[in-house]
Amino acid sequence: QDTLIVWSEAENYDLALSFQEKAGCDEIWEKICQVQGKDPSVEVTQDLIESEEEHIEEMPETSPLIDLPTCELNKLEEIADLVTSVLSSPIRREKLALALENEGYIKKLLQLFQVCENLENTEGLHHLYEIIRGILFLNKATLFEVMFSDECIMDVVGCLEYDPSLAQPKRHREFLTKTAKFKEVIPITDSELRQKIHQTYRVQYIQDIILPTPSVFEENFLSTLTSFIFFNKVEIVSMLQVSGSGLFSQLVPCWKSAFCWGTRALKLLGGMDDLQVRSAATDIFSYLVEFSPSMVREFVMQEAQQSDDDILLINVVIEQMICDTDPELGGAVQLMGLLRTLIDPENMLATANKTEKSEFLNFFYNHCMHVLTAPLLANTSEDKCEKDAVVGSTKSNTICPDNYQTAQLLALILELLTFCVEHHTYHIKNYIMNKDLLRRVLVLMNSKHTFLALCALRFMRRIIGLKDEFYNRYITKGNLFEPVINALLDNGTRYNLLNSAVIELFEFIRVEDIKSLIAHIVENFYNALESIEYVQTFKGLKTKYEQEKDRQTQKLNSVPSILRSNRFRRDARALEEDEEMWFNEDEEEEGEAVVPPVEKSKQEDDFPDSYEKFMETKKAKESEDKENLPKRTSAGGFKFTFSHSASAANGANGANSKSVAAQTSPASSNGSSSKNATLTTAVTATKGSLVGLVDYPDDEDDDEEEETSPRKRPRLGS
């Protein structure tokens, strides 16, 4: 059916395979028809089975049933073959089930089981295993009622102990009768209720423990068994409700007591070395979160009014995650999943009086986020990286957490932060920009653990995937594509997952036509990337950039010259400041400002408004800078370089590596503010490489920021 393949199994049970494309559906359909020996041009190959199923509905009660062999020891092999053979045909399964039900055959088989076990007849016991397993796969509730009765169920379990594939039989009956103990939380005097509880436990044991994991084609054979267990549980709850035991009235205080104990236990576990006790407390907390995440959130917000941040429940959970001693961080993974549930807006309530999402996320980002990101910030700090830097390394940022367990922990934290980017709006945006978090995360692109580098890249990919211009401006102003491109070039000719993930990031930017990012990438990094030709991504970015540049030029030329004069033109930077001010005001209504206001520099006031004057300045700078090598300028400006080459990514000789230099011009010597100040990126090359220049007319305040800010712009390389 176009992109579907459907078929029927068992009683009123339909299944379907769904495909995204018709071509994939047709391919699998041909393979199925090849196995069936059918013509793939025919749309329906199940005519025979469908007609059989229709015949079942019309089959009169007097229709002849399957003739069962006499229930004797020497007939067990024949009975086993019969039961196994009917499983592939719905109509034969139906007939066999009716025959077994009408003749009381199951009880006779179980009597033979006792005989075989007394005689230690192993072959007969193996046949009985196949017979009882096959009867279960008939999927008939009427047969289950007989097999799971008090009279028969232990013998059924006994038959299933003798699996022919096992060297020794299992001891399931011994476990059910001696090891498993029935514990009454409250006294149960109703004998029927007790019997139903015992039956449900034993049937659940058969399904979960005794029966082997069913194959894809066998799963539907036990659907009625699952329903049998479910309706038993419903019946148990109903019987408890009418029994007058007072169970439900006792559950509320018990639940509150368990909740209080669980939270207190977790807090006490920080100094405990007993892994078993710690694991038990974690399990209790897991049950609490799964049962009612809203109750846990309400508790921790009330707790924050009375306790310090260090002893808040969520911070204790985060600390337990960070301090997990398991080399594989099994406990940390579990706790991370619980934290994810607690901060997931999808399960937060919104009522007329309050919004749980707003209240809890404000609490989490104010009191807990700093604890979660502490290991990440500690392992990507400049001091840490300098201490762990390898002598003689050519990388500008040396990764610190080379320890595998630390890398795993950072990967878990990044996974949670990526979840926050996807599901939390302004809260995580505030945090990322105020803490310059993306820059710290991208330090991990240099990790020797590829999985950690991929986690860092995934974090950036989620941010870019939002197509939020505030994020885009943060990325371009911080030059945060640099570590990603360095990682791509360092990866060389290896076509691995890291290579593919980086290419996909830039391909997404190209396909979605994110203009601000395209312009930044082409103007700053195209000379380092243009020789990567095994994909057309970067050439495509250049094409998009040039097309947009042509459109802007045409628009400019179509505007009358009087409108282009500075008398009628509003400064672009003023527009940018207004936009940033609007964003800050919007965020202050619900949280902190995303970006602290930047003090306006003298140069901003004197920025040349005239487009023609700027072009004259540009040409003069180009002729001057083409002759300059990447070194300190005589006027006191500075340059920084990175020695990564696209030719490395294409397998070229490292001697042909390119150097990318950016130069800022200081104020003019006459003491006035530099009206012609520009930030120029000069791309020089050795051994015949191309040379290009790109100007940044909008970043004049970088010079002043470099002089006033204690945190300098990161180097592009060493």
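The values are calculated or read from the model by the stated rules, or taken from the named source; none is laboratory data. The structure displayed is predicted, hence computed values, not measured ones. A quick note on method: Cβ atoms are made from the backbone with ideal geometry, for glycine too, and the neighbour counts reach across all protein chains shown. With ligands, DNA and RNA removed, areas are computed over all heavy atoms of the protein, side chains included. Shrake-Rupley method; radii C 1.70, N 1.55, O 1.52, S 1.80 Å.
Taking each of LYS477/LYS515; LYS467/LYS549; LYS75/LYS108; LYS515/LYS542; LYS170/LYS196; LYS178/LYS233 in turn, the alpha-carbon distance tops 18 angstrom for LYS467/LYS549; LYS170/LYS196; LYS178/LYS233. A probe of 1.4 angstrom, applied to the heavy atoms of all protein chains, finds SER447 with accessible area near 20 square angstrom.
Note down the relative contact order for the range 467-553 as a percent, whole number, built from C-alpha pairs under 8 angstrom at least six residues apart. The partial results should precede the final answer.
Working: 42 pairs, mean separation 23.7, N = 87.
Averaging sequence separation for qualifying contacts and normalising by length gives 27 percent for the range 467-553.
Taking 8 Å as the Cα distance limit and 6 or more residues as the minimum spacing, I'd like the relative contact order of the range 75-243 as a percentage.
Values: 126 pairs, mean separation 38.3, N = 169.
Across the range 75-243, relative contact order equals 23 percent.
Each principal axis of the Cα cloud of the range 75-243 was evaluated for its coordinate range; sorted largest first, these ranges are 49, 36, 32 Å.
Could you grab the relative contact order for the range 292-345? Cα pairs under 8 Å, six or more apart, rounded to a whole percent.
Working: 25 pairs, mean separation 19.2, N = 54.
It comes to 36 percent, rounded to a whole number.
Solvent-accessible surface (1.4 Å probe) assigned to TYR365 amounts to roughly 30 Å².
Count the net charge of all other residues whose Cβ sits under 11 Å from the Cβ of VAL146, scoring Lys and Arg as +1 and Asp and Glu as -1. Intermediate results must be reported in sequence, preceding the final value.
Numbers: positive: LYS107, LYS140; negative: GLU101, GLU145, GLU151.
Charge balance near VAL146 sits at -1.
In the complete set of protein chains, residue-level accessible area for LYS435 is approximately 100 Å², probe 1.4 angstrom.
What is the ratio of the Cα radius of gyration of the range 467-553 to 2.2 N^0.38 Å, where N is its residue count, to two decimals?
Against the empirical 2.2 N^0.38 Å value, I get 1.06 for the range 467-553.
Could you please put THR476, THR450, THR200, THR189 in sequence from largest to smallest accessible area, using a 1.4 Å probe?
Working: THR476 35, THR450 70, THR200 10, THR189 135 Å².
The residues order as THR189, THR450, THR476, THR200, largest area first.
Near LEU505: Cβ cut-off under 14 Å, other residues only, Lys/Arg at +1 and Asp/Glu at -1. The net charge is +1.
Taking the Cβ of LYS542 as the centre, find all other residues whose Cβ is under 14 Å away and add up their charges (Lys, Arg: +1; Asp, Glu: -1). Please list the in-between numbers first.
Numbers: positive: ARG510, LYS515, LYS539, LYS544, LYS549; negative: GLU507, ASP513, GLU523, GLU530, GLU533, GLU546, GLU548, ASP550.
Charge balance near LYS542 sits at -3.
Direction-averaged projected area, Cα convex hull, the range 416-491: 4.7 nm², rounded to one decimal.
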